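Notes for the one structure printed next.
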Amino acid sequence: MRQTPVYYYSSASGLVRAFAERLGRPAFNLAEREHRRSEVDGPWVLLTPSYKTGNEANDTIPEAVRRFLRSAANRRRLVGVMGSGNRNFGRYYQHAAREIAARSGRPVLFEFELSGTPWDVQECRRILAELDDALARRPR
Ligand SMILES: Cc1cc2nc3c(=O)[nH]c(=O)nc-3n(C[C@H](O)[C@H](O)[C@H](O)COP(=O)(O)O)c2cc1C
């Protein structure tokens with residue numbers, strides 16, 4: 001069965017990368033130019049942290065994620081969004097993941113803080129396995 005790939009952005013602090021690498025499936029870091037410029041060949045899931053800029057607009061979506069979503073094919077094949085955040089950011093908690101989900105009409109599949117707990121990893125693996133299964137049954 002096809003494992004739905006996860007495309008994520010992770011900054012130098014690497015919290016999201018640490019989580020993504022524990023998912024046991026293909027995971028690509030959009031901080032790397034090669035991945036940021038690629039086009040996905042089927043359904044995929046986005047995993048993004050939120051980064052409040054502090055400017056007036058308070059954008060929270062990482063530039064690499066914006067860049068990747070500029071591709072119409074990537075937008076069309078996106079099936080769900082996951083977010084990493086920090087509750088200290090109050091009403092901006094998970095702002096990037098939630099905004100992308102709202103704008104694309106795709107569900108938020110999972111949210112966790114920082115690099116996640118072992119439970120978060122297990123839960124996320126379960127959700128993604130269910131997604132693989134649902135996609136495999138989907139009529140083409
Ligand atoms: C400057 C800065 C701004 C952040 N802004 C937000 C935010 O608006 N909302 C949120 O939920 N988390 C926010 N966070 C927390 C990060 O999204 C979280 O720590 C994430 O795990 C970082 O992933 P990374 O280390 O892979 O880049 C912010 C962190 C930093 C350092």
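What does the C-alpha gyration tensor say about the overall shape of segment 59-140? Classify as rounded when a/c is under 1.5, otherwise prolate if a/b is larger than b/c, or oblate. Numbers along the way, then the final one.
Working: a/c = 2.33, a/b = 1.15, b/c = 2.03.
Taking the square roots of the gyration eigenvalues as a ≥ b ≥ c, segment 59-140 is oblate.
The trypsin sites (Lys or Arg not before Pro) of segment 9-45 meeting both criteria, a DSSP state outside H, G, I, E and B (loop) and at most 15 other C-beta atoms within 10 angstrom of the site's C-beta, are R37. For the residues S50, S11, S84, a GNM of the chain with alpha-carbon springs under 10 Å puts the largest fluctuation on S11. Positive-end ranking of L109, A73, G85 along the dipole of the chain, with charges on Cβ about the Cα centre, is headed by A73.
Extension gain, N86 to R22: 0.36 nm times the residue separation minus the Cα-Cα distance gives 21.1 nm.
Each of A12 and T53 was given a label point 7 Å from its Cα along the Cα-to-Cβ line. The distance between the two points is 2.0 nm. Counting 0.36 nm for each residue step from R70 to R140 and taking away their Cα separation leaves a gain of 22.7 nm.
Can you pull the semi-axes for segment 6-137, root of five times each eigenvalue of the Cα gyration tensor, sorted largest first, whole Å?
On the way: eigenvalues 86, 64, 41 Å².
Result for segment 6-137: semi-axes of 21, 18, 14 Å.
Every read-out reported here was derived from the displayed coordinates using simple, explicitly stated rules and does not represent laboratory data. Since this is a predicted model, take the numbers as computed values, not measurements. Neighbour counts run over all protein chains shown; Cβ positions are idealised from the backbone, glycine included.
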